[in-house]
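Just below is one structure, and these are the notes that go with it.
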Amino acid sequence: MASRVKVTPARAQSRQPAPRGNQPFPLTGRARSLLARFERERGFSRDWHQHLVRHDPDFFARYIGWASHMYTRGALPLRFKELILMALDASCTHQHADGTRVHMRNALRYGASVAEVVETLELCTLLGVHSCTLGMPILAEVLAEPQDGTRVRSVKPRGKNNPKNVRAGRRNAR
């Protein structure tokens, strides 16, 4: 019979107390400035960016350089780069609704027309029609947003696993 080893949870080994509820540790000055730089250069940030910069600001500084590299050089205009990134996120093999939304907004902000957004989504259907079933409702949302920058960010989960997006009768189908 094997003996049991008592494992101490990682939190108990930490030097800092655990945050209460869902409140993360506040960002330090350097981490805050790195995150602000990323948001300035890329136009968005995600929760995982905050966690990464909090725990490893040196790596995040290098990540900014890598992730922002395509925005600072190259022959393609930013609107085309954003359309391509939107297509990657909308593709039926990825179906990343939040990424599709971010890059769709950026493409429109950098001068892409609604027709270019629609055509990009249509091109994605060569891989599978799900790109349009994901992308067209997002386009309707983005076009309905106020243009003065006061849009409210939704915290509801989106994407193919959201029960609102699953047709009745297919919810438990495998």
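Altogether, the Stokes-Einstein calculation at 37 °C and 0.692 mPa s, with the Kirkwood radius of the range 75-148 over Cα pairs as Rh, returns a diffusion coefficient of 279 µm²/s.
Every Cα-Cα pair of the range 29-107 was included, and the share exceeding 22 Å stands at 29 percent. Rg ratio for the range 27-73: its Cα radius of gyration over 2.2 N^0.38 Å, N being its residue count, equals 1.03. Listed values for the range 49-56 are Karplus-derived 3J(HN,Hα) couplings in whole Hz (6.51 cos²θ - 1.76 cosθ + 1.60, θ = phi - 60°), namely 5, 4, 5, 5, 5, 5, 8, 8, and x replaces Gly and Pro. In this simple spin-label model, placing a label point 7 Å from the Cα along the Cα-to-Cβ direction at both Arg109 and Arg40 gives a separation of 1.4 nm.
Every number here is computed from the coordinates shown, using simple stated rules; none is lab data. All values reported here derive from a predicted model rather than from experimental measurement. Here Cβ is always computed from backbone atoms with ideal geometry, including for glycine, and neighbour counts include all displayed protein chains.
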